[in-house]
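These notes are about the structure you will find just below.
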Amino acid sequence: MLVKKVLTIYLGRNSPRDITVKQDGVPVPFVSLGATSLAVELDGTEYSSNDGYVAFDNNGVVTLTLGSLTNISKGKRNARLIMYSDTYKRGKVLLSEKTEYRLVLDFV
């Protein structure tokens, strides 16, 4: 997992940003775990792989493409990374503002 990873997101640009999510030092195999989608939750709104904002692979790499958001103001925000699968139909939170491992997005 990540420890206070801060990613800069440039509003108005759709440059993808990658993170590698690890558990016990090993990349999380999202596909092998049966992940059907991943989402990032910001201020109570989810942006998911179903909508093209998030992509993931079987090597723990998560790609965020959030620069095109128009309803986000500049500044830092804690984000939640949520995995959905047949086992976790309502989602399993992997990273949040309440866990030891955090994902912070800095919108500039």
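The values are calculated or read from the model by the stated rules, or taken from the named source; none is laboratory data. Just so it is clear, the model here is predicted, and its values are computed rather than measured. Backbone-built Cβ (ideal geometry, glycine too); neighbour counts: all protein chains shown.
Odds and ends about this structure:
- In the stretch 1-53, residue nearest to LEU64 (Cα to Cα) [restricted to those that are of a type in the set (Lys, Arg) and assigned to a loop (DSSP other than H, G, I, E, B)]: ARG13
- Leading residue by the ranking (modelled with the highest pLDDT) among those in the stretch 52-106 that are among the β-branched types (Val, Ile, Thr) and over 13 Å from the mean Cα position of the chain (by Cα): THR87
- Per the conditions (1) exposed (fewer than 12 other Cβ atoms within 10 Å of the Cβ); (2) part of a strand (DSSP E or B); (3) acidic (Asp, Glu), the sole criterion not satisfied by GLU100 is (2).
- Residue list for the stretch 75-89, restricted to those being more than 17 Å from TYR47 (Cβ to Cβ), loosely packed, with under 14 Cβ neighbours inside 10 Å and either in contact with a Leu (Cβ under 7 Å, 6 or more places away or on another chain) or not hydroxyl-bearing (Ser, Thr, Tyr) (or both): ASP86, LYS89
- Given (1) touching a Phe, Trp or Tyr at 6+ places or on another chain (Cβ under 7 Å); (2) at pLDDT 90 or above, index of the condition LEU2 fails: (2)
- Close contacts from the stretch 14-28, counting a first residue that is over 17 Å from VAL104 (Cβ atoms) and a second that is part of a strand (DSSP E or B) and among the small types (Gly, Ala, Ser), with Cβ to Cβ under 9 Å and a gap of 6+ residues or different chains, come to PRO16/ALA55; VAL28/ALA35.
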